[in-house]
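S.K.: Encoded as structure tokens, here's the structure I'll be asking about.
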Amino acid sequence: MNKFYNISELSKILNLINQSNKKPLNHVLRYWEKNFKQIKPKKINNRRYYSIKQVEILKLIKFLLKNKGMTISGVKKILNLNTNKLDDYNSDGLKAEYYKDSIKNKTKSILNKLKKLKQYGKKNSSKS
């Protein structure tokens with residue numbers, strides 16, 4: 001079964017939160033939805049629900065717009081290139097850089113969890 005995220009959950013995942021009042025910036029996602037044809041959330045009872053694939057596309061869009069300072073038309077061109085295939089993969093490309101950052105973040109998260117498990121194991125082994 002596929003997991004779906006509502007617009008507020010997705011705003012939190014993407015860290016699109018107003019710093020002063022801590023509310024999610026849902027209007028940014030709705031704006032991106034209008035501009036990028038790749039983002040088509042399911043609408044149930046007039047609420048938007050995004051699939052995991054769409055979440056990944058939105059993470060890429062955010063990375064290219066916010067981190068790389070690209071324009072919306074530039075991001076559209078990159079998304080339309082369909083360079084997700086390994087044959088066409090350019091290691092110096094922007095998508096590759098996004099995926100490298102994503103893998104680095106996931107690796108750091110796993111390492112932190114392993115360190116916590118190690119510390120937990122040391123605490124419990126001394127009690128025996």
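The values are calculated or read from the model by the stated rules, or taken from the named source; none is laboratory data. These numbers were taken from a predicted model, which means no experiment stands behind them. Virtual Cβ from ideal backbone geometry, glycine too; neighbours counted across all protein chains shown.
S.K.: Test Asn45 against the stated conditions and say whether it is surrounded by fewer than 15 Cβ atoms within 10 Å (Cβ to Cβ) and either acidic (Asp, Glu) or modelled with pLDDT of 90 or more (or both). It would help to see each step written out before you state the result.
M.R.: Working: surrounded by fewer than 15 Cβ atoms within 10 Å (Cβ to Cβ): yes; either acidic (Asp, Glu) or modelled with pLDDT of 90 or more (or both): yes.
For Asn45, the condition - surrounded by fewer than 15 Cβ atoms within 10 Å (Cβ to Cβ) and either acidic (Asp, Glu) or modelled with pLDDT of 90 or more (or both) - is met.
S.K.: So which residues in segment 36-51 are in contact with a Phe, Trp or Tyr (Cβ under 8 Å, 6 or more places away or on another chain) and in contact (Cβ under 8 Å) with a residue 24 or more places away in the chain, if there are any at all?
M.R.: First, the residues of segment 36-51 that are in contact with a Phe, Trp or Tyr (Cβ under 8 Å, 6 or more places away or on another chain): 39, 41-43, 49-51.
Pro41, Lys42, Tyr49, Tyr50, Ser51 - these are the residues of segment 36-51 that are in contact with a Phe, Trp or Tyr (Cβ under 8 Å, 6 or more places away or on another chain) and in contact (Cβ under 8 Å) with a residue 24 or more places away in the chain.
S.K.: Output the residues belonging to segment 67-110 that are of a type outside the set (Ser, Thr, Tyr), at pLDDT 80 or above and surrounded by fewer than 13 Cβ atoms within 10 Å (Cβ to Cβ). Walk me through how you get there before you give the answer.
M.R.: Residues of segment 67-110 that are of a type outside the set (Ser, Thr, Tyr), as a first pass: 67-70, 72, 74-82, 84-88, 90, 92-97, 100-101, 103-106, 108, 110.
If we keep only those that are at pLDDT 80 or above too, we end up with 67-70, 72, 74-80, 100-101, 103-106, 108, 110.
Matches in segment 67-110: Asn67, Gly69, Lys77, Asn80, Lys100, Ile103, Lys104, Asn105, Lys106, Lys108, Ile110.
S.K.: Between a first residue in segment 1-26 that is among the small types (Gly, Ala, Ser) and a second residue that is not in a helix (DSSP H, G or I), which pairs have beta carbons less than 9 Å apart while being 6 or more apart in sequence or on different chains?
M.R.: The qualifying pairs are Ser8/Lys23; Ser8/Pro24; Ser11/Ile17; Ser11/Lys23; Ser11/Pro24; Ser11/Leu25.
S.K.: Of everything in segment 19-31, what is farther than 19 Å from Asn67 by Cβ and assigned to a loop (DSSP other than H, G, I, E, B)? Give them in sequence order. Don't jump to the end; show me each part of the working.
M.R.: So in segment 19-31, the residues farther than 19 Å from Asn67 by Cβ come out as 20-24, 26-27, 30.
Those that are farther than 19 Å from Asn67 by Cβ and assigned to a loop (DSSP other than H, G, I, E, B): Ser20, Asn21, Lys22, Lys23.
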